[in-house]
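The values are calculated or read from the model by the stated rules, or taken from the named source; none is laboratory data. Everything quoted here is computed from the prediction, not taken from an experiment. Here the Cβ positions follow ideal geometry from the backbone for every residue, glycine too, while neighbour counts run over all protein chains shown. Side chains are part of the model used for accessible areas, which takes the heavy atoms of the whole protein and leaves out ligands, DNA and RNA. Shrake-Rupley method; radii C 1.70, N 1.55, O 1.52, S 1.80 Å.
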Amino acid sequence: EKLYQRELKWLAEQKEQLTKANNLLGKAQDFIDEQKTKSKDVTLLEKALAKVKQQVAKAQTAHDEAAKILNTHAGFDANGKVTDPAQARQTVAQAQKSLREAHRTLRVANVTAEVRRVLNHFRDDKGNK
């Protein structure tokens, strides 16, 4: 039961991180669109952003799978109490696996640092041309 509650908390925290990542990607896309209106070459920016978006989407898929598992809560009742220990263990293990996959993907993508790095590189090199 404690593990189930822990996974629910992790799910909520990860949802927040995904929201922040998507907001940042939206701002980066706005910047790219603005640069296009100024006739700047944003090809490298678009490629980098597409790569990061792909990683965030992959993390979102794993996160959604964890949410589905936890919302189905096999082996638990509506209050999070164990009704079937074997199913409950399986639910927690499957959810944890999906949450870890999403976490690893987000960590590897390092969305904030990667978007900043690419934008700063653009501003330093191409933005001045």
Select from ASN79, ASN22, ASN71 the residue whose mean-square fluctuation is largest in a Gaussian network model of the chain (Cα-Cα springs shorter than 10 Å). ASN79
Exceeding 25 Å between C-alpha atoms, which entries from my cross-link table qualify? They are LYS20/LYS81; LYS15/LYS97; LYS2/LYS97. LYS20/LYS81
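Report the gain in length on full extension from ASN120 to ARG6: 0.36 nm times residue separation, minus Cα-Cα distance, nm rounded to one decimal.
Roughly 37.3 nm would be gained on extension.
Report the local net charge at ASP33: Lys and Arg +1, Asp and Glu -1, summed over other residues whose C-beta lies under 13 Å from its C-beta.
On the way: positive: LYS27, LYS36, LYS38, LYS40; negative: ASP30, GLU34, GLU46.
Here the count lands on +1.
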Between ALA78, ALA93, ALA67, where does the largest GNM mean-square fluctuation fall for the chain, given springs only between Cα atoms within less than 10 Å? ALA78
Taking Cα atoms, how many degrees apart are the long axis of helix 43-72 and the longest axis of the chain, rounded to 10 and kept between 0 and 90? 10 degrees
List LEU45, LEU8, ordered by accessible area with a 1.4 Å probe, largest first: LEU8, LEU45
Computed FRET efficiency, Cβ-Cβ of SER39 and ARG107, R0 35 Å: what is it to the nearest 0.05? 0.45
Which value results when the Cα radius of gyration for the stretch 48-107 is divided by 2.2 N^0.38 Å? 1.34
Excluding residues fewer than 8 places away in the same chain, name every one of the aspartates and glutamates whose C-alpha is closer than 19 Å to that of LYS27. GLU16, ASP41, GLU46, GLU114, ASP124
Using only the alpha-carbon atoms, how far is helix 111-125 inclined from the longest principal axis of the chain? Give it as 0 to 90 degrees, nearest 10. 0 degrees
Whole-Å distance linking the alpha carbon centroid of the stretch 1-25 with that of the stretch 81-106 is 14 Å
Just to be sure I understand the model, the point goes 7 Å from the Cα along the line to the Cβ. What's the resulting LYS20 to ALA93 distance in nm? 3.2 nm
